[in-house]
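Structure first, commentary second.
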Amino acid sequence: MGNNIEACKNCEQNFNINYEFCPYCGQEAKDKLTVGVLFKNTISNYFSVDARFFKSFLPLLLKPGYLAKTFVEGKRLLYLHPAKLYLFISVVFFFLMSVLIVKNNVSNIDRAIKNATVKPYVPDSLKTEVTKALDSIKIDSILRPLKAKGMVGLDEAQIKALDSIIKSKTSSDSERNQLDFGYNSKKVDSLIAIGANEQEIFQAMGMNEDANALTRKFYAQTLKFHKNRSGGQIFQAIYDTIPIALFVLLPIFAFILKLFYYNSGSYAHHLVFSFYFFSFLFTVFSITLITNYFVNIPGWLDVLIVLSTFFYLVIGVKNFYERGFVSSFVKSGVISFLYLIVVIPIAVIILFIIGFLFY
């Protein structure tokens, strides 16, 4: 008779083994944890945040690794599903980013670029002649007659010093607030003014005639930037791709965990831990954004907040994988190094390229 009874992994109540779902809490009786199960019904229901979110919030912040360990052990209805929690918190975080940071930065970048001037093309021969002309103009030739009449009280050393300062100032002012696109901007502007076709303009910008489609796209976007000076749009395009990129970056983080803890469960287990850890990161960053909006947080406190996320990872790894503190600290440090120094920079470069090509 006892063989026909099994205990629910979630509520620990006994029920008949033939039941597909626990009659007490409703959890599926035999739901082996796989990647498919992990994502089941998540996308269609991720906005339906119930009371379990508030029940999960404090353990997420104060008990590193606890939610992931509880979920993997089979208690999957006590707290909010890891993927659902991650999606909800990430939506809140990116909304705050968009409202509090991105919009202002986009307008500031566009304003700065439009206020800058394009560095004109000047032949080397003309530069040489202008330099000779500047060298021939001596401030002392102007001041010495005035000094002789008693109108300027400067000695010879002061006149020479003033002459040097003025020339240096003239040179630096000529280079300030200029954009150098790396090609003959003046010639490109002339071709645009007369309505030349894009192929001719691209060649003036340095593109080879046999360039492939990707290269042509790059030159087309560069020409678009040249015409519109819309650097803020590039920043906006990069920002828009970040949420999508995180769907790749988060599984990569889980994969790195799998490499370091190969015998500690399936890949889905590491993915559960990653969902909860990234949920914690977005929660902390969201709170920081809101706080900075009302009160300017000192720089040293921002540094402490960032460091706290690393120690959260250390304790979370220790609790979830049941390892010693030293081992958890060392492995967390190596994992963080690989992720921040290798994975994130590559991701940023890819995001910039995508943002530039499709803004």
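For the reader, a short list of remarks on this structure follows.
- Cβ-Cβ distance of Phe53 and Phe325, R₀ of 35 Å, FRET efficiency by 1/(1 + (r/R0)^6): the value works out to about 0.70.
- Measuring against 22 Å, Cα to Cα, the residue pairs Lys55/Lys75; Lys69/Lys318; Lys75/Lys331; Lys32/Lys318; Lys30/Lys258 contain Lys75/Lys331; Lys32/Lys318; Lys30/Lys258 as the ones spanning a longer distance.
- The range 52-91 - Debye-derived log10 I(q)/I(0), Cα point model, q = 0.14, 0.17, 0.21, 0.23 Å⁻¹: -0.26, -0.38, -0.59, -0.71
- In nm, spacing of pseudo-spin labels at Ser336 and Asn263 (7 Å Cα→C-beta vector): 2.7
- The equivalent ellipsoid that matches the C-alpha gyration tensor of the range 251-359 spans semi-axes of 26, 21, 13 angstrom, in descending order.
- In order along the range 206-223, the phi-based Karplus estimate (6.51 cos²θ - 1.76 cosθ + 1.60, θ = phi - 60°) of 3J(HN,Hα) comes to x, 7, 6, 5, 9, 5, 7, 5, 5, 5, 4, 5, 4, 5, 5, 5, 5, 5 Hz; Gly and Pro are listed as x.
- Its residues counted as N, the range 290-354 yields a C-alpha radius of gyration over 2.2 N^0.38 Å of 1.44.
Read-outs throughout are calculated quantities, based only on the coordinates presented, and are distinct from any laboratory measurement. Since the structure is predicted, the reported quantities are computational estimates derived from the model, not experimental observations. A quick note on method: Cβ atoms are made from the backbone with ideal geometry, for glycine too, and the neighbour counts reach across all protein chains shown.
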